[in-house]
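I have placed the structure first, in the form of structure tokens, so that the comments after it can refer back to it.
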Amino acid sequence: MKIFLCLLVLTIITEIFASPPLQLEETRGIRHAHKNIPRENSPKQNIIRPNYILPNAVIPEKYTLKIRPVLYPYEGETEYTAPGHVEILTTCLNATNEIIIHKHPTLTITTVQVLANSNNAELDVLSTNYVEIHHFYIISLASNLVVNQKYKIIMNFTAPISDTTDGLYRAQFTNERGEIKRMATTQFESVSARQAFPCFDEPNLRATFKISIARRKGANFIALSNEGWEEQNVEDPELPDWVWDHFYETVSMPTYLVALIVAEDYLGRFRTNVFEKTVGVYGPRYLMEPPIHSGEFAVEKSAYIVKFLQEKYEHTYALSKIDSIAIPTGYFSAGAMENWGLNTYRQEYLLFIEGESSEINRYRITSILTHELAHQWFGNQVTCKWWSDLWLNEGFASYITFMGIHEVTPEFDADREILWDSVQYALAYDVDVNEPVKNSAVTPEEIERTFTTITYDKGASIIRMMASFMGEPTFTKGLIKYLEQYKFKGAEQDNLFQVLNDQAIEDNVLPPGKTIKGIMDTWTLQAGFPVIRVSKVGNSQVYISQERFTKQGSNNDIHNGLWEVPIAISSQDDAEFSVYSPKLWLSKNMLSQSYAFHSESKWLIVNPDATGYYRVLYDNALTQLIISQLKSDHTKISALSRSQLLDDYFNLARNGYVDITAALDLTTYLSNEIDRVVWNSLLTALTRFLNVFRNEDISSFRAYFAPLIETALQKAGLGWDQQTGDSGAPVLFRAKLIDWACALESDNCVTKARELLANWTSTNINPIPLDVQAPLYCAVVAHGGEAGYDFVMGLVKRADTSDFQRARLLTALACSKDTASLQNLVELTKENNTYIGNNAVLVLQRVGVNTLGRAIVFKFIREEFDVLKAKTGGVNAFVSVLNTLSTVYTKASEKTNVVELTTERESDLTSVQSSIQNILRNIDANIAFVNDYFEKMKSWFNIQI
């Protein structure tokens, strides 16, 4: 009886504080699908292990490549193989009797010849050897090659069309008639061209490519590559069932940008009236034809983006066409790739389907298009010389993304979005890792680990900082010269810095003694960033100092690695927030500096609009003056500066620099705040608090923030109802505020959900607009009782419900506040060949983040471990679900349960022990998080309400 009563009390308490989790997907970081694997224990800068680098005694000039992907069995040939022939024209730079190229272990080379280009005389090949660890294929010759002479390396080979998403690989989709269609596609960045053909697979070893691709005659296949077709449907007497498509020769480019595609039942859409060269988008035929026309948005925006970039950077796009192609869902882990002339995208990142694609989808597509098209100049025309300078590719593409979005879809207000989307995203990530922007990667594994937020978003942030302290006109003039000077070449960061420095000197924008290299080396060669302390000293001075920003509990040696910091300042008497010229500089050899400021009662803002990549901490007197200004008229301080104040202080609090109440004090003006960028920053900062505190009584949290969010919805002119013709930033802003209002169970959300359910059930017409379906579907289930759950479950099971809607509705079912319904939903995951059964992991994860569902899910994965393992083909699904639970576990008892379960199943979990340890660390961090912040925040909220 005691146990029963305890469980009953626990259930009642949980139900009181249970609320639906946030539903909308994060829009930050969607330009790239990088892995964010920290470069832990990486070698120190400038230490190169040359046995992984080609000796460059022989360099490529031109590849003539013929390849024939076999996608179906053909006369004894194995499907998913690709026989090929390559002729590489090379130049000898240093006398040698060895030619070393790259070959992956899975690539088979069947014949090798080396000819003198001048007379086609064949050289004697003594032997070939393979060093697998380095992927080196070594051709040993009987005599030395002659310096400055050209030679041809001719090889026949067979490449696999792998079942990974790397190298030359296979994909498929099911069309509207239920037929499976196949394709072969490529993803060569960073070191996977060697999987498809023998090559000099390094970014600085550029060459031209003359490519030919064979496809089955009579079948509905299309072949695509970087350049346009020179000839199509060329017969081959030796292969009577095949035809060849020959492509024009490319400009000089690295191997990782080569694209080779054969696709079945694909169709293109083109624009020729916007940009001077043909712009195309390819996708599965049934999605491209009427009535869907899913490629129309991307092809139009691509044309305008390329036109904008060509005009801004004054360099003509180098190839004859620019195509983009959708890779079927589930077959492109990289997300998108800038192959020159033939960009590849996950299908959902390229194709826009009216009636299914939301404004978030439209923003995402525009963002990723701009990122990849920016690479056609930054990364393709000028390539990083080695992967250590990858930020020259990815940082610039990320920086330019926001300008491009704003140019072609100004309704998204994206030119300001870089602060929340890149700068604040990078600052949050940067404190947890030890990664300099310029890395020291050499091995393939190390290179793969460089595609992180540091490379993309910190890269973009420090580029934005350079543009700000140099002035955008000077910066752009320098970039135009950089693109010209290193056109079709590899560049290092010092090359960029020198060109920009020359332009800065010409325009006289640097203070005496400063150079771009001297400044930027402090930001690229060391990890982390500074926190700038600002303190009033008497009535005439402000004391400004720097120190390394560190994670809570870390040692902070303020003398260890400082920065050249541009300090721009706006003040109450000089509130010009769009002027970013530094008023002073902190030097890498200078901890602090004074600044004349003759007022005891007026505020100042360091780093207006957060153009510098650092955080700012004001003394209490200045903080109170800023808060007073926010309360009296917050618009006197720019929106981007308000955004950064909130982001800085919540992160300063989470890392022990200030008390959490100091951050909360900055929110007391929010009843008048209607700017989306400010709210984005605040809600991002609050997300972890909301998620982790769900085990606690969050009624005071809810009582404080829910009315503020409701007020913002009204004062921003958004309301709960989306109007016909609404688009862009207001739609995204409304959706985010509604998501939070519903997660906090505001009265209006509960009322709205019940009204919508009644409307929907009575008319059988869905009344909920696409952009708010995720949070409001969830609210309908959460507040519609058993009737709401049953209604949505019925829609999930209806045969005429689209897969797109079925996915959203299924996620909403996990929002139920009825434990019996949640138990039912979890049990349905055991079924085979049903939609719910096929999405078992998603269901378990979504129910697991429901306060009422987490115990149900844990019990299920414990008791049904073997069923889940058999159903999903291993233990990865179990680990994924357990990892999701670890994000919301905050009790020692919950950790004990996890330890007991993983110990019970230790023999099954041997291969994932590192993941299990991360899960336990997550729980420990959550427990500490609650202990550090919950009671303080609860007390603060109680005072305010």
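The values are calculated or read from the model by the stated rules, or taken from the named source; none is laboratory data. Just so it is clear, the structure is predicted and the values come from calculations on it, not from any experiment. Cβ atoms come from the backbone with ideal geometry, glycine included; neighbour counts cover every protein chain shown. Ligands, DNA and RNA are excluded from the accessible area calculation, which covers all protein heavy atoms including side chains. Shrake-Rupley method; radii C 1.70, N 1.55, O 1.52, S 1.80 Å.
Couple of notes before you dig in:
- Some residue of segment 666-675 being farther than 23 Å from D739 by Cα, in a helix (DSSP H, G or I) and of a type in the set (A, V, I, L, M): no
- Restricting attention to segment 424-443 and to residues that are touching a Phe, Trp or Tyr at 6+ places or on another chain (Cβ under 8 Å), outside any loop (DSSP other than H, G, I, E, B) and not charged (D, E, K, R), the residue that is nearest to M337 (Cα to Cα) turns out to be A426.
- Selection count, segment 58-73, where residues are open to solvent by 20 Å² or more (accessible area, probe 1.4 Å) and in a strand (DSSP E or B): 5
- Cβ-Cβ distances below 7 Å connect the following pairs, each with a first residue in segment 550-564 that is on the phi > 0 side of the Ramachandran plot, a second residue that is at pLDDT 85 or above and not hydrophobic (A, V, I, L, M, F, W, C), and a separation of six or more residues or different chains: G561/Q526; G561/R548.
- Scope segment 413-434; condition over 30 Å from S727 (Cβ atoms) and acidic (D, E); matching residues: D430, D432
- Among the residues of segment 592-619, those that are of a type outside the set (D, E) and loosely packed, with under 15 Cβ neighbours inside 10 Å comprise S592, S594, A596, H598, S601, K602.
- Some residue of segment 195-206 being in a strand (DSSP E or B), open to solvent by less than 10 Å² (accessible area, probe 1.4 Å), touching a Pro at 6+ places or on another chain (Cβ under 8 Å) and within 30 Å of T452 (Cα to Cα): yes
- Whether a residue is of a type in the set (S, T, Y) and either in contact with a Leu (Cβ under 6 Å, 6 or more places away or on another chain) or surrounded by fewer than 15 Cβ atoms within 10 Å (Cβ to Cβ) (or both) was assessed, and S907 passes this test.
- Against the list (1) within 23 Å of N839 (Cβ to Cβ); (2) at pLDDT 95 or above; (3) open to solvent by 60 Å² or more (accessible area, probe 1.4 Å); (4) touching a helix residue (DSSP H, G or I) at 6+ places or on another chain (Cβ under 7 Å), the condition K871 fails is (2).
- Of the residues in segment 710-724, at least one is in a helix (DSSP H, G or I) and within 30 Å of the chain's Cα centre (by Cα).
- Elements of the type strands (runs of 3 or more DSSP E) sitting completely within segment 250-351 and holding at least 3 residues that are open to solvent by less than 10 Å² (accessible area, probe 1.4 Å): these cover 260-264, 278-284, 321-327, 342-346.
- Residues located in segment 899-933, provided they are more than 31 Å from the chain's Cα centre (by Cα) and either hydrophobic (A, V, I, L, M, F, W, C) or not in a helix (DSSP H, G or I) (or both): V899, L901, R905, E906, S907, D908
- Selected residue (criterion: farthest from L885 (Cα to Cα)) from residues of segment 837-852 that are open to solvent by less than 10 Å² (accessible area, probe 1.4 Å) and part of a helix (DSSP H, G or I): G837
- Checking the stated criteria, F378 turns out not to satisfy the condition of being under 17 Å from the mean Cα position of the chain (by Cα), over 25 Å from K736 (Cα atoms) and not β-branched (V, I, T).
- Segment 435-483, subset of a type in the set (V, I, T) and under 30 Å from K103 (Cβ atoms), residue modelled with the highest pLDDT: T455
- Selected residue (only one of P55, P50 is open to solvent by 70 Å² or more (accessible area, probe 1.4 Å), at pLDDT 50 or above and under 30 Å from N434 (Cα atoms)): P50
- Pair list, Cβ < 8 Å and 6+ apart or interchain, from segment 124-143 residues that are β-branched (V, I, T) to residues that are assigned to a loop (DSSP other than H, G, I, E, B) and open to solvent by 30 Å² or more (accessible area, probe 1.4 Å): V125/A142
- Every pair of residues 6+ apart whose Cβ atoms lie under 6 Å, when the first sits in segment 208-223 and is touching a residue at least 60 places away in the same chain (Cβ under 8 Å) and under 25 Å from K489 (Cα atoms) while the second is among the small types (G, A, S) and open to solvent by 10 Å² or more (accessible area, probe 1.4 Å): T208/S252
- Enumeration of residues in segment 919-945 that are open to solvent by 20 Å² or more (accessible area, probe 1.4 Å), more than 13 Å from I660 (Cβ to Cβ) and either of a type in the set (A, V, I, L, M, F, W, C) or in contact (Cβ under 8 Å) with a residue 24 or more places away in the chain (or both): L920, N922, D924, A925, I927, A928, N942, I943, Q944, I945
- The strands (runs of 3 or more DSSP E) falling completely within segment 132-175 that include 2 or more residues that are loosely packed, with under 15 Cβ neighbours inside 10 Å map to 167-174.
- Residue list for segment 572-591, filter: within 16 Å of L419 (Cα to Cα), open to solvent by 30 Å² or more (accessible area, probe 1.4 Å) and touching a helix residue (DSSP H, G or I) at 6+ places or on another chain (Cβ under 7 Å): Y580
- Residue that is most open to solvent (accessible area, probe 1.4 Å), among those in segment 499-538 that are in a strand (DSSP E or B) and charged (D, E, K, R): R533
- There is at least one residue in segment 363-375 that is open to solvent by 10 Å² or more (accessible area, probe 1.4 Å) and either part of a helix (DSSP H, G or I) or out of contact with any Asp or Glu (no Cβ under 8 Å at 6 or more places or on another chain) (or both).
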